[in-house]
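J.: Before we start, here is the structure in question, set down as structure tokens.
The values are calculated or read from the model by the stated rules, or taken from the named source; none is laboratory data. Keep in mind the model is a prediction, meaning the values are calculated, not measured. Here the Cβ positions follow ideal geometry from the backbone for every residue, glycine too, while neighbour counts run over all protein chains shown.
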Amino acid sequence: MSETKFEPKIIAFLCNWCTYAGADLAGTGRKEYQANVRIIKLPCTGGIDPLFLIKAFERGADGILVSGCHPGDCHYNSGNYHARRRWNVFRPLLEFCGINPERIQFSWISAAEGGKWVETINGVVDAVRALGPFEGYQKLNTMGPDISGEAATSGETG
Amino acid sequence: MEKLLNKNSFDSLITGLKKQGYKTIAPKKDNKLVTLEEIQDANEISLDHVITNNSIKEFFFPKTEKILSYTIEKNKVEMEEPEGFAVKSVIFGSRPCDAFSLPVMDKVFNWDCSDKFWVERREAITIVTVACDKCDSYCFCTSVGLAPDAKQGSDVLLTKISNDEYLVETVTEKGENLVKELESVFSDPPSGTPDRQVATVEKKFEIDKVKPWLDDNFQHNVWDEFSYKCIGCGACTFVCPTCHCFDIVDECTMTKGDRVKNWDGCQFTMFTMHTSGHNPRSTQGMRWRQRIMHKFKYYVEKFDSTLCVGCGRCSRVCPADMNISEMLEIIATEENQPVSKE
Amino acid sequence: MIEELRKKAEELLRSDTVKVVFGYGEGSTPERTRPVFITKPEDVNKLTWNKYCVYNLTTYLKRQETRKLGKPAIIVKGCDAKTIIVLLKECQIKREDVYVLGVTCDGVGEPLATKCKACDVNTPRIYDDLVGEKIENKEIPFDERYAELDEYEKLSEKEKWDFWQKQFAKCIKCYACSSICPLCFCDRCIVDKNQPQWIDPSAHPRGNLSWNVTRAYHLAGRCINCEECQRVCPVDIPLNLLNKKLAKETEKNFKYRSGYNIDDELAMSTYKEEDNQDFFK
Ligand code: SF4
Ligand code: SF4
Ligand code: SF4
Ligand code: SF4
Ligand code: SF4
């Protein structure tokens with residue numbers, strides 16, 4: 001088999017008003033960034049349920065970025081503050097279960113920060129590429145329902 | 001056929017089984033619990049417990065199981081049925097109540113259609129039971145027509161006759177073949193009558209009195225009053241060797257998926273919930289009644305067998321201390337009946 | 001103390017202050033008690049109190065069957081009483097709809113339950129009436145309260161993953177953990193929703209991970225550490241480690257402890273501008 005370079009799959013959950021617009025700006029400004037990211041646009045980071053992240057991993061994501069408006073700039077006033085509270089506890093929970101926190105990243109990127117978007121997403125892609133594929137989780141997916149417990153524990157995490 | 005098995009030979013027994021291509025499942029102690037699970041080595045076996053935490057059913061009817069996979073393409077659906085789910089195995093050290101649950105469940109899994117997952121595993125697995133030399137206050141096998149050294153459902157029965165010796169009795173042809181395959185592990189049975197060490201399980205109620213009462217008392221205060229403390233968690237149905245309800249779900253994306261069969265239980269609120277939102281079993285009392293009725297009336301009517309082997313697991317595990325034999329005592333003892341009929 | 005409890009219960013029922021008393025009664029074995037629901041004053045002798053009274057009876061405040069019995073007096077230990085505070089804050093009960101019969105407590109379970117080893121609520125922080133000798137509630141430092149977590153937090157990433165995968169693999173998806181939880185009160189749990197199916201209903205590793213993580217997370221900043229989920233789990237998964245981890249993060253980040261002060265804003269439904277955001281880019 002020929003060696004193919006691992007290309008991580010990154011899912012980015014972006015708020016409609018700031019980061020999505022920022023990413024758009026990067027596009028219209030013809031700024032290049034790595035094409036590993038699939039963007040999911042949502043009204044507000046405050047509406048992102050942690051289950052979205054779990055689902056993304058279940059469907060094969062190697063890394064996730066959640067990004068929204070800077071504090072004080074939320075289109076709905078406080079959605080991003082509520083989101084921040086959530087990630088403050090959810091991230092350590094995943095870490096406690098053995099998931100590398102580098103695989104879930106957060107940022108504030110405004111509609112004017114096309115450059116920051118490029119920088120951030122490149123950073124996430126590079127970090128996750130260095131970690132390698134999220135084999136631990138992907139194994140859970142491919143084992144199917146009829147496997148017994150032991151098999152699950154022998155996998156590498158990432 | 002009768003033989004003798006010495007504890008010292010457990011090692012060669014397990015190695016022998018492996019050589020003959022069997023997977024071995026036996027009680028194993030882990031932290032607080034003794035669980036039936038696959039073992040590799042004889043020293044993993046634990047036999048000084050009353051009963052394992054899990055029942056034998058999961059080796060025939062697992063908690064979750066893929067029954068088919070499919071892919072959807074334009075104008076085409078491909079389906080694939082799982083294979084290789086029936087693995088030649090021996091369950092060593094199950095209890096007589098667990099073993100008896102198998103012929104009881106054969107009836108339902110072979111009823112209007114035969115469930116190949118159950119049937120093929122039944123063929124592939126040999127049951128070597130160890131008679132109980134102790135019991136606890138939750139055991140009530142003797143009240144449902146069984147005994148701590150009952151043979152029904154086992155292929156081979158071992159009974160302790162001294163600190164390190166077991167009398168080996170083959171019950172079925174399958175059991176006899178197994179013992180023959182591993183001949184060298186066993187020795188000749190002792191002459192004379194061996195001192196069988198079997199627990200004495202107190203009889204708690206007369207099973208004959210249960211069904212007639214149930215026939216008459218679908219409406220009764222006792223259902224609600226007994227089950228106020230029940231939290232509807234369903235743990236009782238999951239640990240029960242004879243509960244066999246399941247739910248079928250598709251786990252899928254737009255293009256492919258698995259159809260999966262999962263344990264389900266009548267103690268859950270959602271069990272009978274209709275799409276409309278109406279729930280014919282709307283209170284826990286009704287759901288508890290279903291559990292008792294199914295086990296001691298409906299199944300008896302349909303299959304001429306009680307759907308309970310008296311293992312007591314449901315009561316041991318119940319977070320609210322709902323005790324099934326206590327309920328049956330109430331039912332079977334007229335003067336004990338605490339509440340009047342409405 | 002049992003006598004005092006029975007007398008109180010009898011008074012409450014006779015005076016029609018309450019319709020039912022949720023309490024502890026004798027169980028299947030001497031090492032067990034069970035919840036009892038006393039509706040008649042002459043039945044109060046069924047009430048008992050001993051070190052096996054582990055249940056958090058506030059869970060019966062969410063069940064429609066026991067709600068129908070009418071206004072309850074509910075026997076609560078210090079840890080259970082924290083639930084009352086959360087339920088009030090979350091608008092699940094009204095203060096006048098329950099009579100809180102607090103008991104002082106110096107530990108339950110045999111061996112002693114983990115929660116009791118670092119208990120700082122031996123005397124309940126909310127009650128209408130208190131039974132038992134008042135015990136001075138200790139101040140226990142942060143590190144000591146979460147000491148149980150140390151050995152797990154120290155593990156490497158792979159060790160953590162392997163540990164939890166082994167634990168979650170045991171899960172049979174009976175949902176006893178959420179059924180018993182007094183704070184899991186949704187009419188319809190997310191696992192019972194299937195359009196879309198957020199959490200796989202199957203008890204396979206993928207479904208078990210998303211279930212266990214979600215259950216824990218839905219109690220973030222809410223769990224009051226009664227350890228009931230862990231007690232009832234039929235396959236002995238140390239669920240409370242997850243709850244405790246979340247409690248620790250909530251306290252560390254938001255200075256909030258669930259069920260301690262009725263005047264505190266609920267951690268997860270409020271925010272502060274200066275909340276931690278070290279990990280944001
Ligand atoms: S009887 Fe016990 S184990 Fe069964 S559903 Fe009720 S509380 Fe759960
Ligand atoms: S109903 Fe209870 S006692 Fe009877 S077989 Fe099932 S678990 Fe055992
Ligand atoms: S008792 Fe309930 S869960 Fe068990 S087999 Fe009968 S209906 Fe199913
Ligand atoms: S945590 Fe405290 S109040 Fe609760 S049971 Fe233990 S000692 Fe009693
Ligand atoms: S109680 Fe235990 S086995 Fe049951 S669903 Fe919860 S974690 Fe799983």
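J.: In the stretch C:153-183, how many are part of a loop (DSSP other than H, G, I, E, B) and either within 16 Å of ligand 4 (Cβ to nearest atom) or within 14 Å of chain A (Cβ to nearest Cβ) (or both)?
T.: Within the stretch C:153-183, residues that are part of a loop (DSSP other than H, G, I, E, B) and either within 16 Å of ligand 4 (Cβ to nearest atom) or within 14 Å of chain A (Cβ to nearest Cβ) (or both) number 10.
J.: Where residues in the stretch C:1-41 are under 21 Å from C:LYS51 (Cβ atoms), in contact with a Leu (Cβ under 7 Å, 6 or more places away or on another chain) and of a type in the set (Lys, Arg), which of them is nearest to the other protein chains (Cβ to nearest Cβ)?
T.: Result: C:ARG6.
J.: Among helices (runs of 4 or more DSSP H) lying entirely in the stretch C:197-281, which contain 3 or more residues that are crowded, with 18+ Cβ neighbours inside 10 Å, under 17 Å from the mean Cα position of the chain (by Cα) and within 14 Å of chain B (Cβ to nearest Cβ)?
T.: Filter on the stretch C:197-281 gives C:228-232.
J.: While we're here: So in the stretch B:230-263, with the set limited to residues that are part of a loop (DSSP other than H, G, I, E, B), out of contact with any Ser or Thr (no Cβ under 8 Å at 6 or more places or on another chain) and touching a residue at least 24 places away in the same chain (Cβ under 8 Å), which one is farthest from the other protein chains (Cβ to nearest Cβ)?
T.: Looking at residues that are part of a loop (DSSP other than H, G, I, E, B), out of contact with any Ser or Thr (no Cβ under 8 Å at 6 or more places or on another chain) and touching a residue at least 24 places away in the same chain (Cβ under 8 Å), I get B:HIS244.
J.: Then there's this: Among C:TYR175, C:TYR152, which is assigned by TED's automatic domain parsing to the domain that holds C:THR214, more than 16 Å from ligand 5 (Cβ to nearest atom) and touching a residue at least 12 places away in the same chain (Cβ under 8 Å)?
T.: Going through C:TYR175, C:TYR152 in turn, the sole match is C:TYR152.
J.: For the stretch B:136-159, check the following and say yes or no: at least one residue is in a helix (DSSP H, G or I), touching a residue at least 40 places away in the same chain (Cβ under 8 Å), among the small types (Gly, Ala, Ser) and not assigned by TED's automatic domain parsing to the domain that holds B:PHE296.
T.: yes
J.: Here's another thing I want to ask about it. Taking the condition of being surrounded by fewer than 19 Cβ atoms within 10 Å (Cβ to Cβ) and either within 16 Å of ligand 4 (Cβ to nearest atom) or under 22 Å from C:GLU31 (Cβ atoms) (or both), how many residues in the stretch C:66-116 meet it?
T.: Number satisfying all stated conditions: 7.
J.: What's the total number of residues in the stretch B:296-328 that are of a type in the set (D, E, K, R) and either within 13 Å of ligand 2 (Cβ to nearest atom) or touching a Pro at 6+ places or on another chain (Cβ under 7 Å) (or both)?
T.: Residues in the stretch B:296-328 being of a type in the set (D, E, K, R) and either within 13 Å of ligand 2 (Cβ to nearest atom) or touching a Pro at 6+ places or on another chain (Cβ under 7 Å) (or both): 3 in total.
J.: Can you tell me which condition C:ASP43 does not meet? The list is (1) surrounded by 18 or more Cβ atoms within 10 Å (Cβ to Cβ); (2) within 25 Å of B:MET286 (Cβ to Cβ); (3) free of Cβ contacts under 8 Å to residues at least 24 places away in the same chain, and all the others hold.
T.: (1)
J.: Taking B:ASN336 and the conditions (1) more than 14 Å from every other protein chain (Cβ to nearest Cβ); (2) more than 16 Å from ligand 2 (Cβ to nearest atom); (3) touching a helix residue (DSSP H, G or I) at 6+ places or on another chain (Cβ under 7 Å); (4) modelled with pLDDT of 95 or more, which numbered condition does it fall short on, given that it satisfies the others?
T.: (4)
J.: Would you point out which residue out of B:THR275, B:THR269, B:THR283, B:THR255 is closer than 17 Å to C:TYR175 by Cα, more than 16 Å from the chain's Cα centre (by Cα) and either more than 16 Å from ligand 5 (Cβ to nearest atom) or at pLDDT 90 or above (or both)?
T.: Being closer than 17 Å to C:TYR175 by Cα, more than 16 Å from the chain's Cα centre (by Cα) and either more than 16 Å from ligand 5 (Cβ to nearest atom) or at pLDDT 90 or above (or both) holds for just one of B:THR275, B:THR269, B:THR283, B:THR255, which is B:THR269.
J.: Select from the stretch C:76-102 the residues that are in contact with a Cys (Cβ under 8 Å, 6 or more places away or on another chain) and either within 16 Å of ligand 2 (Cβ to nearest atom) or under 20 Å from C:MET1 (Cα atoms) (or both) and list them in ascending order.
T.: C:LYS77, C:GLY78, C:CYS79, C:ASP80
J.: Could you give every pair whose Cβ atoms fall below 9 Å, whose first residue belongs to the stretch B:288-312 and is without any contact (Cβ under 8 Å) to a residue 24 or more places away in the chain and within 14 Å of chain C (Cβ to nearest Cβ), and whose second residue is away from ligand 2 (no atom under 13 Å from the Cβ) and of a type outside the set (D, E, K, R), counting only separations of at least 6 or pairs across chains?
T.: none
J.: Restricting to helices (runs of 4 or more DSSP H) lying wholly in the stretch C:1-110: which have 3 or more residues that are within 21 Å of C:PRO182 (Cα to Cα)?
T.: Hits in the stretch C:1-110: C:64-67, C:78-89.
J.: Continuing with this model, one more query. Is there a residue being within 27 Å of the chain's Cα centre (by Cα), part of a loop (DSSP other than H, G, I, E, B) and within 14 Å of another protein chain (Cβ to nearest Cβ) anywhere in the stretch B:204-212?
T.: Yes, the stretch B:204-212 contains a residue that is within 27 Å of the chain's Cα centre (by Cα), part of a loop (DSSP other than H, G, I, E, B) and within 14 Å of another protein chain (Cβ to nearest Cβ).
J.: When you look at B:ILE127, is it touching a residue at least 24 places away in the same chain (Cβ under 8 Å), within 19 Å of B:GLY310 (Cβ to Cβ) and assigned to a strand (DSSP E or B), yes or no?
T.: yes
J.: Next question. Could you tell me which residue of the stretch B:215-229 is nearest to the other protein chains (Cβ to nearest Cβ), considering only residues that are of a type in the set (Phe, Trp, Tyr) and buried (at least 16 other Cβ atoms within 10 Å of the Cβ)?
T.: Out of the qualifying residues, it is B:TYR228.
J.: Out of all the residues in the stretch B:17-46, which are surrounded by fewer than 17 Cβ atoms within 10 Å (Cβ to Cβ) and of a type in the set (A, V, I, L, M, F, W, C)?
T.: Matches in the stretch B:17-46: B:LEU33 only.
J.: Suppose we filter C:ALA118, C:ALA81 for residues that are at pLDDT 95 or above and either more than 16 Å from ligand 3 (Cβ to nearest atom) or within 14 Å of chain B (Cβ to nearest Cβ) (or both); which single one remains?
T.: It is C:ALA81.
J.: Please note which strands (runs of 3 or more DSSP E) are completely contained in the stretch B:2-120 and include at least 2 residues that are of a type outside the set (D, E, K, R) and free of Cβ contacts under 8 Å to residues at least 40 places away in the same chain.
T.: Those strands (runs of 3 or more DSSP E) span B:33-39, B:76-80.
J.: Quick check: anything in the stretch C:136-148 assigned to a loop (DSSP other than H, G, I, E, B), away from ligand 5 (no atom under 16 Å from the Cβ), assigned by TED's automatic domain parsing to the domain that holds C:LYS62 and more than 23 Å from C:LYS245 (Cα to Cα)?
T.: No, the stretch C:136-148 contains no residue that is assigned to a loop (DSSP other than H, G, I, E, B), away from ligand 5 (no atom under 16 Å from the Cβ), assigned by TED's automatic domain parsing to the domain that holds C:LYS62 and more than 23 Å from C:LYS245 (Cα to Cα).
J.: Right, another one. For A:GLY27, state whether it is surrounded by fewer than 21 Cβ atoms within 10 Å (Cβ to Cβ), small (Gly, Ala, Ser) and not in a loop (DSSP other than H, G, I, E, B).
T.: The answer is yes for A:GLY27.
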